[in-house]
Amino acid sequence: MSSSKTLSIRDIAKRCGVSPGTVSNVINGRDVVKPETASRIRALMNELNYAPKTKAVNTNRVMVLIPPHPDALLSEHLSNMHAGVCEAAFTNDIILSVRRCPEDLHSANQLRDMLREDGSIGVILLTSTHGYHLADTIGLAKTPHMVVGASRHQQDINQIVLDDETSAYRATRYLQELGHERISMVYFNRKDIGHAQRYVGFAAACQSSNMDKRLLEGVEADHARPEFGADALRQLMQCPKPPTAIIVTNAALAHGVISQAKRMNLSIPGDLSLIVYHSSRDYDHGLHDITIMKTPAYDMGYQAIQSVRQLLLKPEEPETSHVTLEMSHTLEVRQSTDKPRID
């Protein structure tokens, strides 16, 4: 019996009782083969872990899967990652096939079928901040891949993640070094791993001081929209000793905080210092004067292409060898942070 490394299209064709041309049509996604025959051919290729030779796929073609919800690329985080992927692809002469992830994709075999039909040799999964755990569901060990996003996956996969806990600790410590003792956080749903880790880092930096418990709890927004940021600031300013500084973990929430501060006649940074998590490369979303923790979404996307390219150049690497790259936020100090006023 031929090994999976020496199998050819002719071997697959002989075992299925079809012509080599029929197998080639299935591999290349041509809709000319009866569905039952195509399914039988795919099943055998999966059973034998058959990988087509380079002439059956484009060794410079990579599929990019984005989350299935309709507005995925309207997310600033995802759109910046996607921009980084595209720029790196142009630089490295890689062809991209961008597809919305099918909602019925539940197995590695299905994914390999998609890659065969598309003619792609590897895949990048761009994950959303709302959680996208496809990588943990389907298994990716035998597919050249990179999963990019805020959440760290526990399975043996190649991934690029954010060090959210350390970034929030650093942001909080920066405010403390300016002299702030009353610091709070406005954050999106802590069921989201990235925002939860930001809160952990913030709390770790605060717990050594005698901070008001209400401020330490911060305000958790149900939705990442400006009106929820505005409501969060109203709640915080009703505390007996309101905060002199706030960290906001989402740009949309920050817009609400800033608008509400104006309505309450609070000056930034005079009455309230502000740090915002923001992933825009140009800071042109009305936050150009705001001190930010820059989320390296663009750089994560760029690195994803570089990493997959290395995997494709070294196909002999053992399947048990997986890569986790951790990328850091950058504190960029602008005009929204200063020493607190003396009460």
>> Which numbered condition in (1) buried (at least 16 other Cβ atoms within 10 Å of the Cβ); (2) free of Cβ contacts under 8 Å to residues at least 40 places away in the same chain is the only one that LYS213 fails?
In response: (1)
>> Quick check on the stretch 30-49. Is at least one of its residues surrounded by 14 or more Cβ atoms within 10 Å (Cβ to Cβ) and either under 18 Å from the mean Cα position of the chain (by Cα) or at pLDDT below 80 (or both)?
In response: no
> If you take the residues in the stretch 191-210 that are charged (D, E, K, R) and surrounded by 17 or more Cβ atoms within 10 Å (Cβ to Cβ), which one is farthest from ASP338 (Cα to Cα)?
Replying inline: ASP192
>> Which condition from (1) under 21 Å from LYS339 (Cα atoms); (2) under 26 Å from the mean Cα position of the chain (by Cα); (3) assigned to a loop (DSSP other than H, G, I, E, B) is the one that HIS223 breaks?
In response: (1)
> If the Cβ limit is 7 Å and pairs must be 6+ apart or interchain, which residue in the stretch 96-110 that is in contact (Cβ under 8 Å) with a residue 24 or more places away in the chain pairs with which residue that is hydroxyl-bearing (Ser, Thr, Tyr)?
Replying inline: SER97/SER120; HIS106/THR137; ALA108/THR143
> Before we move on, is VAL18 modelled with pLDDT of 85 or more, in a loop (DSSP other than H, G, I, E, B) and not assigned by TED's automatic domain parsing to the domain that holds THR143?
Replying inline: yes
> modelled with pLDDT under 95 and farther than 27 Å from VAL85 by Cβ - does that describe any residue in the stretch 276-289?
Replying inline: yes
> For residues in the stretch 128-151 being assigned to a loop (DSSP other than H, G, I, E, B) and either at pLDDT 70 or above or β-branched (Val, Ile, Thr) (or both), which is farthest from the chain's Cα centre (by Cα)?
Replying inline: LYS142
> Yes or no: ALA168 crowded, with 22+ Cβ neighbours inside 10 Å and touching a residue at least 60 places away in the same chain (Cβ under 8 Å)?
Replying inline: yes
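Report yes if GLU177 is assigned by TED's automatic domain parsing to the domain that holds THR244 and over 15 Å from THR249 (Cβ atoms), otherwise no.
Yes: the conditions hold for GLU177.
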> Is one or more of the residues making up the stretch 303-321 surrounded by 14 or more Cβ atoms within 10 Å (Cβ to Cβ), under 16 Å from ILE183 (Cβ atoms), under 26 Å from the mean Cα position of the chain (by Cα) and at pLDDT 85 or above?
Replying inline: no
>> When the residues of the stretch 216-232 are narrowed to those that are within 14 Å of HIS195 (Cβ to Cβ) and touching a helix residue (DSSP H, G or I) at 6+ places or on another chain (Cβ under 8 Å), which ends up surrounded by the fewest Cβ atoms within 10 Å (Cβ to Cβ)?
In response: ASP222
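The values are calculated or read from the model by the stated rules, or taken from the named source; none is laboratory data. Since this is a predicted model, take the numbers as computed values, not measurements. Note that each Cβ is placed from the backbone with ideal geometry, even for glycine, and that neighbours are counted across all protein chains shown.
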